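The values are calculated or read from the model by the stated rules, or taken from the named source; none is laboratory data. Small disclaimer: the values here were computed from a predicted structure and weren't measured. Every residue, glycine as well, gets a Cβ built from its backbone with ideal geometry; the counts of neighbours run over all protein chains shown.
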Amino acid sequence: MKEVKTPRKPLLYYYAIVLLCLMLFNSLVMPWFNQRKIQLVDYGTFITMTQNQEVGLVELQENQILFTDKEQTKVYKTGRMEDPELVERLTDSGAQFYPEIVEEMSPLTSLLLYWILPILVFVGIGQFLTKRMMNKAGGNGMMFGMGKSNAKIYVSSSEGIRFDDVAGEDEAKESLTEIVDYLHNPKIYQEIGASMPKGVLLVGPPGTGKTMLAKAVAGEAGVPFFSISGSEFVEMFVGMGASKVRDLFRQAKEKAPCIVFIDEIDAIGKKRDGQIGGNDEREQTLNQLLTEMDGFEGNNGVIILAATNRPESLDPALTRPGRFDRRVPVELPDLKGREEILKVHAKKIKVAEDVNFHQIARMASGASGAELANIVNEAALRAVRNHRPFATQGDLEESIEVVIAGYQKKNAILTDQEKWTVAYHEIGHALVAAKQSHSAPVQKITIIPRTSGALGYTMQVEEGNKYLMTKEELENKIATYTGGRAAEEVRFGTSSTGASNDIEQATKLARAMITRYGMSQDFDMVAMETTTNQYLGGDSSLTCSMETQTEIDRQVVTLVKEQHAKAIQILMENREKLDELSHYLYEKETITGDEFMQILNGDGKQEQNNDHKGAGEQV
Ligand code: ADP
């Protein structure tokens, strides 16, 4: 990298000021200080004192005479006058006297002593300070390390965070184990020719342990860990961020195998909007990052982990194969996860023996790992405040409220009634899906609120790849969408706002069946909608008359109504199962498709496609 010269001028300026101050001090203040002790007397007194033989030492200077009393305890001075008898008088008085001895210095010595030496000393001090300043800023050649990456090496090989420290998040840990294994035995992978993913994207809400997981990968593999935040790349000057990226990768390659962790990657990896006058600096930084990632081989041992809680805003170029092609979801912990996290953190403080962590975890539904850590710490603080030697169940419960009140708006913490409603709602979806013949099997049901705003979801995963859907399948899908609301109606006899997304999805599907898929009797295979910009969102526009549009609307309503009625009927017929499953979900908060089917059938057999990358669906 091209080095920029240290700017000297300002520093020299400071030296000059310091030098000047010292000189002033030397020539003005010091003499003043010394002379304060010397008493000024008139010439007459001097003469009288010599005549009375009261004078001890006398120094005859050019303009003044310095002298002491006989005991040499006091120093006097007086001005020098034209006095031809001075020497004689002094001889008579018995005083010791001498003229001032001015030590002559060679011009070279004085130059050295008064000019070159101070300058050298100051330059030396200046260099030392500059170096220290730059080391602090993380660079080693430039002022304040501009354009240098601030990545810090956190974990040396032996110490640091391990997977065991990260509680819950088993799925994420499992996905990352392969990387640890690769770092342990790169040879096995290289021999086969397999290359590791260059980048892994940890996606999830804040405080769920993404940073911890990245550190744990380094800790488990015993490799160095570089950590930098995406926002640190964003510099004031165009090109500086890019040069930081270059520098980071240069350092990482030197230390390979190693882990590079980029937190908040969305700060640089946002979609490039292509607008004129966009953020040049960020784009350059992103481009540099992409270039660096393309530049090194998959098996050179530098693995990049990045974290974001806004994956949808990332530039597609970042998530392309060969870059951050692996995505590891790090979700909010479920009941079991929360209990484990509480226990991990409770080890760091003293707690009463009878603390029921299960109960605390249940109460803190929707809390993230960081919030749980905070709850435990808050409980410890409470214990101290109340002069208790350890935290009690009461402390923990109280601190949940303290912490939760702080984030209630951010993360939905459900009231008990809401939690019941969500449980019934989700089981409604799942039950309607399961009781119809052409529905995708249920993979997972959860009522842990998402930061996306969803209060729960039912994930259905198709068996194998599915490119075509029949009319019946589409109808069943609409019925499944309405199943949530249907369950609320069946159980509580009323409806809530929780179904807004379902309504949107069901309507969209019903409309597409009629206008695009030619699945209505009346319109047969007549296209009523064209799609433009297929790659840019797929805007569609209706290509039919006003009357037809009204007719379409009517048919959409009929279609959805029919399916809604069907869903209600299914749930009424299975009312017992609906209650049983909803209770189970309320208790567990997250249940797997297997558990669901076990309760539903009693036999626990459900053909499952365990592919997590499958078409997970939020309904
Ligand atoms: P993120 O990077 O996802 O925002 P962090 O990894 O920085 O979250 O987590 C912040 C803190 O929260 C951690 O230092 C830890 O104390 C706590 N924490 C979060 N998740 C977990 C977890 N799964 N297990 C234990 N502690 C956790």
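A few points about this structure:
- Among the residues making up the stretch 295-334, those that are within 11 Å of the ligand (Cβ to nearest atom) and either of a type in the set (S, T, N, Q) or on the phi > 0 side of the Ramachandran plot (or both) are Thr308, Asn309.
- Filter pass, Phe33 being assigned to a helix (DSSP H, G or I) and modelled with pLDDT under 85: yes
- If you go through the stretch 171-209 and keep only what is among the β-branched types (Val, Ile, Thr), under 25 Å from Ser229 (Cβ atoms) and either within 16 Å of the ligand (Cβ to nearest atom) or not assigned by TED's automatic domain parsing to the domain that holds Ile304 (or both), you end up with Val200, Val203, Thr208.
- When Met363 is tested against (1) within 16 Å of the ligand (Cβ to nearest atom); (2) farther than 30 Å from Gln190 by Cα, only condition (1) is not met.
- Failed condition for Ser231, given (1) assigned to a helix (DSSP H, G or I); (2) in contact (Cβ under 8 Å) with a residue 12 or more places away in the chain; (3) of a type outside the set (Phe, Trp, Tyr); (4) more than 16 Å from the ligand (Cβ to nearest atom): (4)
- Residue match in the stretch 142-155 (condition: within 26 Å of the chain's Cα centre (by Cα) and modelled with pLDDT of 85 or more): no
- Number of residues in the stretch 200-223 that are surrounded by fewer than 21 Cβ atoms within 10 Å (Cβ to Cβ) and more than 18 Å from the chain's Cα centre (by Cα) equals 1.
- The single condition from (1) over 18 Å from Gly337 (Cβ atoms); (2) part of a strand (DSSP E or B); (3) within 15 Å of the ligand (Cβ to nearest atom) that Phe226 fails is (3).
- Filtered by the rule that a residue be surrounded by fewer than 18 Cβ atoms within 10 Å (Cβ to Cβ) and within 15 Å of the ligand (Cβ to nearest atom), the stretch 345-356 gives Lys347, Lys348, Ile349.
- Only a single criterion out of (1) assigned by TED's automatic domain parsing to the domain that holds Lys210; (2) more than 15 Å from the ligand (Cβ to nearest atom) is not satisfied by Leu381, namely (1).
- Among the numbered conditions (1) in contact with an Asp or Glu (Cβ under 9 Å, 6 or more places away or on another chain); (2) touching a residue at least 60 places away in the same chain (Cβ under 8 Å); (3) within 28 Å of Gln251 (Cβ to Cβ); (4) within 13 Å of the ligand (Cβ to nearest atom), the only one that Gly337 does not meet is (3).
- Cβ separations smaller than 7 Å between residues 6+ apart or across chains give the following pairs from the stretch 367-386 residues that are more than 14 Å from Ile400 (Cβ to Cβ) and of a type outside the set (Lys, Arg) to residues that are within 13 Å of the ligand (Cβ to nearest atom) and at pLDDT 90 or above: Gly369/Ile341.
- Note on the stretch 574-585: residues that are surrounded by fewer than 14 Cβ atoms within 10 Å (Cβ to Cβ) and in contact (Cβ under 8 Å) with a residue 60 or more places away in the chain total 1.
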